1. Using a 1.4 angstrom probe and counting only protein chains, how large is the accessible area of residue 259 in Å², to 10?
2. Would you mind classifying the chain by shape? Square roots of the alpha carbon gyration tensor eigenvalues, ordered a ≥ b ≥ c; an a/c under 1.5 is rounded, otherwise it is prolate if a/b is larger than b/c and oblate if not.
3. Taking Cα centroids, how far is the stretch 100-159 from the stretch 241-260 in Å?
4. Taking the solvent-accessible surface of protein heavy atoms with a 1.4 Å probe, what is the per residue accessible area of the stretch 1-92 in Å²?
5. Can you give me the C-alpha center-to-center distance between the stretch 14-66 and the stretch 182-203, rounded to a whole angstrom?
6. Could you tell me what percent of the accessible area of the chain is made up of carbon and sulfur, with a 1.4 Å probe and every protein chain present?
7. For the chain, set up a Gaussian network in which alpha carbons nearer than 10 Å are linked by springs, and say which option among 279, 199, 265 fluctuates the most.
8. If you count, for each residue, the other Cβ atoms within 10 Å and average over each peptide, how do 153-161, 13-21, 179-187, 133-141 line up from highest to lowest?
Amino acid sequence: MKVAVFSTKSYDREFLEAANNSVGHDLQFLEVRLSSNSAALAKGAEAICAFVNDDLGNPVLQALADLGIRLVALRSAGFNNVDLEAARRLGIRVARVPAYSPCAVAEHTTALILALNRKTHRAYNRVREGNFALEGLLGFDIHGKTVGIVGTGKIGEAFAGIMAGFGCRLLANDLMPNPACETLGAEYISRAEIFARSDILSLHCPLTPETHHMIRSDTLPQLKRGVMLINTSRGAVVDTRAVIKGLKEGIIGSLGLDVYEEEGDLFFENLSDRFIPDDVFARLLTFPNVLVTGHQAFFTRVPTSRRPPSRISAHSPIAAVRTTRFPSRGWPER
Ligand code: NAI
């Protein structure tokens, strides 16, 4: 099958070519992002392969359908950039990656928490300049803290396993409880309650109309004062302007982001010889208690022999965490 692969980077090409060796599709690699302006480049293909910031709204899908495209293969777990209703109407099938590196994303989430808490990003710069002072680097014990997880699917479950290993109390919010998280000790509660009780709040739900701007001006006061907020799901789950207000008022104690509402104009490109045109993003970068990575949580090398866990298997590291001697609840607050 001839496939037009949009938003291709060198690493996409390397891994897709390797995966395609035994299959033999005709992959046409295109560096350009998919949009109304670039859709015509799919001419002659039967399918397109798209990434997180490609535009798959109604006009683009219509243009693809006119070219005879019948399949959109997303190389992402999230599908918020696709107008599924338009795809259905146009007879275009949409496929996504049902378990995109759940452990990788959960581990990156943990990395953000650890770095923010112990100010590793600041310590790194200080030590390189011969500054070994500890003022401003005081952290807290994660052990015993209450961690709220919104969205306990594959990534949320993997993250719950890691946090259980740290000896945290687990709170969860989802449309449906995940029995594996309950086994880890997670207590399912409402969104308002998880906002009010979490010392660390980590977002792992998809971007939908119900989760869009979940953290916004009028929900800020519901958050526990000084909360560490982590978003590795999709940028628009939080309203960035409101989050900046929350940081300035001390409601949000620290912020870790791997995704950003307007990341399409910034992420995955080297813009280091230009200025950042996005004033909201630039303001975020001025806070010492904010750590941003450029949508890299998924970006690990997974051995081809290791299948990603759809539900965590008995042999996975997460299962090992479940049998750890650390209880996931009942530890005293420090
Ligand atoms: P999943 O589909 O396994 O889990 C999502 C969970 O969110 C489900 O349990 C679902 O019931 C829950 N959910 C849906 N609507 C909700 C709501 N209104 N309130 C609370 N919970 C809700 O998906 P997975 O694989 O865990 O991925 C989660 C998200 O992480 C993806 O949708 C994607 O946006 C993001 N992601 C980010 C990556 C990165 O590199 N930063 C990589 C992969 C995914």
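The values are calculated or read from the model by the stated rules, or taken from the named source; none is laboratory data. Quick caveat, the model's predicted, so the values are computed rather than measured. Don't worry about glycine lacking a Cβ; one is built from the backbone with ideal geometry, like all the others, and counts go over all protein chains shown. Heavy atoms of the whole protein, side chains included, go into the accessibility calculation; ligands, DNA and RNA do not. Shrake-Rupley method; radii C 1.70, N 1.55, O 1.52, S 1.80 Å.
1. That residue has around 0 Å² of solvent-accessible surface.
2. Working: a/c = 1.76, a/b = 1.49, b/c = 1.18.
Prolate shape, in that a/c is at least 1.5 and a/b is the bigger ratio.
3. Centre-to-centre (Cα) distance: 15 Å.
4. Values: 4560 Å² over 92 residues.
On a per-residue basis, 50 Å².
5. Going from one Cα centre to the other spans 39 Å.
6. Answer for the chain: carbon and sulfur cover 54 percent of the accessible area.
7. So, out of 279, 199, 265, the one fluctuating most is 279.
8. Values: 153-161: 27.3, 13-21: 12.0, 179-187: 19.1, 133-141: 10.1.
Descending packing order for the listed peptides: 153-161, 179-187, 13-21, 133-141.
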